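Q: My questions all concern the structure below.
The values are calculated or read from the model by the stated rules, or taken from the named source; none is laboratory data. Quantities reported herein were computed from a predicted structural model and do not represent experimental measurements. Don't worry about glycine lacking a Cβ; one is built from the backbone with ideal geometry, like all the others, and counts go over all protein chains shown.
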């Protein structure tokens, strides 16, 4: 009788203890094998041994340690000690059931058994209701929970993570339903079926403001760029409600109000409530306070520059609207022109310069400032180092740097050096990180370390195209970091010798015997390795024919062969500034035509010996996606005036004699400007002009070097390098012929004069080392003329459109545009209206198109 009474009473006491510790509602059992125990007369026992039963995955010794009992310990039975053992076990959350048994009592020794039922473990998660890609994203957030104990905490955590993931994407009403299924492969494991219903994205119905008087509701809404109402005119900015973006916008709202002079502005309260199933309302109660203005501005600690100079840089006058944001920009940097006090000192070697504006007096609506300056010492550069250039040789990078040992430290020179490294094209421009290091106040020296990350710079062009009834294949290889000096070093081939910053380009294009085009270009930006003298050598041969399989006597036999050779020398200039470059090129082209149409004559041989001078200035900040700077180029190309000293009578000379030695003077002006509009949105404006003139009216204009306008701007196999190809999207290739011309796009020999204007808005969607993708919209116009009498730069053929550019290091810049031309071209049907344009291997460094 005592045995059963003790078992029942002991279980009730243990269950009550478990309820206090969150052990669940289950009643636990305890059994004894002797009648010697009495709850009214508990006794001390020595634990003889402890056994554990029911375990599958857990270590028995670890469970004994969790229970906090050991062999040889003294235990008072029946009593609180046995209840504590069960408490310790239940607190782990690992079990569905825990029971303590007394298996034997021998005199003063007791033997115990812990019997447990482990909770099941997770074998896998099975998610339904969302797409495959979304499942992968959620799994990354959940990490791998396989093998975890399936308890309320796991279920709640999984639900919370999934809901948070979709809440951040605007799905505020997401529901998660988790069901447990026994895994047939393991009796102690379960599969969680997770049914996810995202519902619809929750958008913002209305944003309401309270307490604003100086700012209108419309103005305050503009200060919330990511919290937009669901209105048709809100094209930019998300209309979805996202809590994290809402918090950012609240901070931005206060900063914008303070920037307008309301330094005491704050949000007193805000609330978000459900409007309907798919929208919410947002309400913000704001306090504006008074509008403040700058008062007197004084300076202390300035020894290098006078107050007059500093005030001129600061550009803040008494009575200007008070703005801590604007003050910080003009003191510490962040102005669009980089004209700030911090830069003034850093460009003069004061590396440790610091400034602190102190509000010395606030009266009425006016704030007086005292700007306290710590100038420190002027530092000079001790060493200049490069780290991370695993392929490119140190000297290739260091020779481009504007920072040299022995110079005064200069922030402007570091920025310029970073741009120069970017222009090399061998490094990821987003990861170029210059850092002053080893700052030594004792001798006033500092080292400059440029951290760089190499990126693939070689490119391959492998394509096929169909046009003119022919299939043409292209293979091009461009090695942008070539090393000529290691040409005979077998160990340097990876697959070609690399590291010296030279460029080698090989390109072949062919359609069997009907069309062939092979070219070779080698360039060295530092001829001799000591001075920035640019050297380039190029050669090419081209053949086009529609009758190679016919005998020469057949009228259908025709061909055009062009062989060319050119050499270029260039030098960087230091005046007017060091963004200028002057290049001279000497080229020799040999043309052989036999009954070939598309030029001013069809049969004969011509020689084109031309000298080109090109003056350019390139200050863009990045070669792939420029956001600031300009690229301006003026080119003059001339040939000897053969008609002035040969004995040819050009009044009666046939075309093959008239054009044997081509003579002309050619003038071109190309300019691009890049302007950041807001954030990453960039406006590119471009203007292009070309004029081909003659020395002698009797000779007339050259049959070569003319301008062909229209299309994608790529020189396809139908037209060779005898003409300069200029793109104009929205129109067929080469279709913009002068008014009154009888040429078609196929027979157009080109025009001596052209103009082109472009406005292009660009926005990047991906910007990384592996790829850069940006979208664009454009409006452009252009035209061609036969003479200056008809020239009118405002009489242009117009087009608009959209497009995308994809930069892959191995392929270069790929482009796809859709343009709509507004103006019909007389005599060329369907030359305008909707046109798709594809381009490959477009030029970088702000290249013209």
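Q: Since residue 371 meets every condition but one in (1) under 30 Å from residue 226 (Cβ atoms); (2) touching a helix residue (DSSP H, G or I) at 6+ places or on another chain (Cβ under 8 Å), which condition does it not meet?
A: The failed condition is (1).
Q: Please note which strands (runs of 3 or more DSSP E) are completely contained in the range 527-602 and include at least 3 residues that are within 29 Å of residue 700 (Cβ to Cβ) and in contact (Cβ under 8 Å) with a residue 60 or more places away in the chain. Please lay out each step first, then the result.
A: Working: elements: 533-545, 559-572, 580-594.
Per the criteria, 533-545, 559-572.
Q: Six or more apart or on different chains, Cβ atoms under 7 Å: show the pairs whose first residue is in the range 160-171 and touching a residue at least 40 places away in the same chain (Cβ under 8 Å) and whose second is surrounded by fewer than 15 Cβ atoms within 10 Å (Cβ to Cβ).
A: 167/243; 168/244
Q: How many of the residues in the range 379-404 are in contact with a strand residue (DSSP E or B) (Cβ under 7 Å, 6 or more places away or on another chain), buried (at least 16 other Cβ atoms within 10 Å of the Cβ) and outside any strand (DSSP E or B)?
A: Selection size over the range 379-404: 9.
Q: Please find, within the range 117-126, the residue that is nearest to residue 79 (Cα to Cα) out of those that are part of a strand (DSSP E or B) and modelled with pLDDT of 80 or more. It would help to see each step written out before you state the result.
A: Step one: of the range 117-126, the residues part of a strand (DSSP E or B) are 117-118, 121-126.
Next, only the ones that are modelled with pLDDT of 80 or more stay: 121-126.
Details: 121: 34, 122: 37, 123: 40, 124: 43, 125: 44, 126: 47 Å.
Looking at the filtered set, the residue picked out is 121.
Q: Would you say residue 338 is at pLDDT 95 or above and on the phi > 0 side of the Ramachandran plot?
A: Working: at pLDDT 95 or above: no; on the phi > 0 side of the Ramachandran plot: yes.
Considered against the rule, which asks whether it is at pLDDT 95 or above and on the phi > 0 side of the Ramachandran plot, residue 338 comes out as no.
Q: Filter the range 152-181 down to the residues that are surrounded by 15 or more Cβ atoms within 10 Å (Cβ to Cβ) and more than 30 Å from residue 227 (Cβ to Cβ) and list them by number.
A: Passing the criteria: 154, 155, 178.
Q: Take the range 485-507 and flag every residue that is surrounded by fewer than 14 Cβ atoms within 10 Å (Cβ to Cβ) and part of a strand (DSSP E or B). Walk me through how you get there before you give the answer.
A: Looking only at the range 485-507, we keep the residues that are surrounded by fewer than 14 Cβ atoms within 10 Å (Cβ to Cβ), and these are 485, 487-491, 493-495.
493, the sole residue that qualifies.
Q: Considering the range 291-300 alone, what residues qualify as being surrounded by 13 or more Cβ atoms within 10 Å (Cβ to Cβ) and either assigned to a helix (DSSP H, G or I) or out of contact with any helix residue (DSSP H, G or I) (no Cβ under 9 Å at 6 or more places or on another chain) (or both)?
A: 291, 292, 293, 295
Q: How many residues does the range 405-417 hold that are crowded, with 18+ Cβ neighbours inside 10 Å and within 13 Å of residue 436 (Cα to Cα)?
A: 5
Per-residue answers, yes or no, for (1) out of contact with any helix residue (DSSP H, G or I) (no Cβ under 6 Å at 6 or more places or on another chain); (2) closer than 30 Å to residue 459 by Cα; (3) in a loop (DSSP other than H, G, I, E, B); (4) modelled with pLDDT of 95 or more:
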{"residue": "776", "(1), (2), (3), (4)": "yes, yes, no, yes"}
{"residue": "799", "(1), (2), (3), (4)": "yes, no, no, yes"}
{"residue": "820", "(1), (2), (3), (4)": "yes, no, no, yes"}
{"residue": "830", "(1), (2), (3), (4)": "yes, no, yes, no"}
{"residue": "835", "(1), (2), (3), (4)": "yes, yes, no, no"}
{"residue": "840", "(1), (2), (3), (4)": "yes, yes, no, no"}
{"residue": "845", "(1), (2), (3), (4)": "yes, yes, yes, no"}
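Q: Would you point out which residue out of 828, 753 is in the same structural domain as residue 687 (by TED's automatic domain parsing), crowded, with 20+ Cβ neighbours inside 10 Å and touching a strand residue (DSSP E or B) at 6+ places or on another chain (Cβ under 6 Å)?
A: Details: 828 fails: touching a strand residue (DSSP E or B) at 6+ places or on another chain (Cβ under 6 Å).
Of the residues listed, the single one that is in the same structural domain as residue 687 (by TED's automatic domain parsing), crowded, with 20+ Cβ neighbours inside 10 Å and touching a strand residue (DSSP E or B) at 6+ places or on another chain (Cβ under 6 Å) is 753.
Q: Got a number for residues in the range 177-209 being more than 35 Å from the chain's Cα centre (by Cα) and within 23 Å of residue 134 (Cβ to Cβ)?
A: Kept after step one, since they are more than 35 Å from the chain's Cα centre (by Cα), are these residues of the range 177-209: 177-195, 208-209.
Pick out the ones that are also within 23 Å of residue 134 (Cβ to Cβ) and you get 177-181, 191-195.
The total comes to 10.
Q: So, one more: Taking the options 783, 792, name whichever one is surrounded by fewer than 14 Cβ atoms within 10 Å (Cβ to Cβ) and modelled with pLDDT of 90 or more. Steps first, please.
A: Numbers: 783 fails: surrounded by fewer than 14 Cβ atoms within 10 Å (Cβ to Cβ).
The conditions single out 792.
Q: Here's a follow-up. Looking at 46, 85, 50 in this structure, which one is out of contact with any helix residue (DSSP H, G or I) (no Cβ under 6 Å at 6 or more places or on another chain) and not assigned by TED's automatic domain parsing to the domain that holds residue 189?
A: Numbers: 85 fails: out of contact with any helix residue (DSSP H, G or I) (no Cβ under 6 Å at 6 or more places or on another chain); 50 fails: out of contact with any helix residue (DSSP H, G or I) (no Cβ under 6 Å at 6 or more places or on another chain).
Going through 46, 85, 50 in turn, just one is out of contact with any helix residue (DSSP H, G or I) (no Cβ under 6 Å at 6 or more places or on another chain) and not assigned by TED's automatic domain parsing to the domain that holds residue 189: 46.
Q: Count, please, the residues in the range 418-447 that happen to be assigned to a strand (DSSP E or B), without any contact (Cβ under 8 Å) to a residue 40 or more places away in the chain and surrounded by fewer than 17 Cβ atoms within 10 Å (Cβ to Cβ).
A: Initial filter on the range 418-447 (assigned to a strand (DSSP E or B)): 427, 433-440, 445-447.
In the following step, the residues that additionally are without any contact (Cβ under 8 Å) to a residue 40 or more places away in the chain were identified as 427, 433-435, 437.
Add one more test, that the residue is surrounded by fewer than 17 Cβ atoms within 10 Å (Cβ to Cβ), and what stays is 433, 435, 437.
Qualifying residue count, the range 418-447: 3.
Q: State the number of residues belonging to the range 307-349 that are within 27 Å of residue 380 (Cβ to Cβ), in contact with a strand residue (DSSP E or B) (Cβ under 9 Å, 6 or more places away or on another chain) and assigned to a loop (DSSP other than H, G, I, E, B).
A: 3
Q: Quick check on the range 239-279: of everything there that is under 33 Å from the mean Cα position of the chain (by Cα) and assigned to a strand (DSSP E or B), which residue is modelled with the highest pLDDT?
A: Looking at residues that are under 33 Å from the mean Cα position of the chain (by Cα) and assigned to a strand (DSSP E or B), I get 279.
Q: Still on this model: How many residues does the range 111-144 hold that are more than 28 Å from residue 89 (Cα to Cα) and over 33 Å from the mean Cα position of the chain (by Cα)?
A: Residues meeting the conditions: 2.
Q: Using the structure shown, decide if residue 283 is at pLDDT 95 or above, surrounded by 13 or more Cβ atoms within 10 Å (Cβ to Cβ), touching a strand residue (DSSP E or B) at 6+ places or on another chain (Cβ under 9 Å) and outside any strand (DSSP E or B).
A: Here the answer is no, as residue 283 does not meet what is asked.
Q: Can you tell me which of 208, 149, 178 is at pLDDT 90 or above and either in contact with a helix residue (DSSP H, G or I) (Cβ under 7 Å, 6 or more places away or on another chain) or closer than 30 Å to residue 87 by Cβ (or both)? Break it down into steps so the answer makes sense when it comes.
A: Numbers: 208 fails: either in contact with a helix residue (DSSP H, G or I) (Cβ under 7 Å, 6 or more places away or on another chain) or closer than 30 Å to residue 87 by Cβ (or both); 149 fails: at pLDDT 90 or above.
Result of the check over 208, 149, 178: 178.
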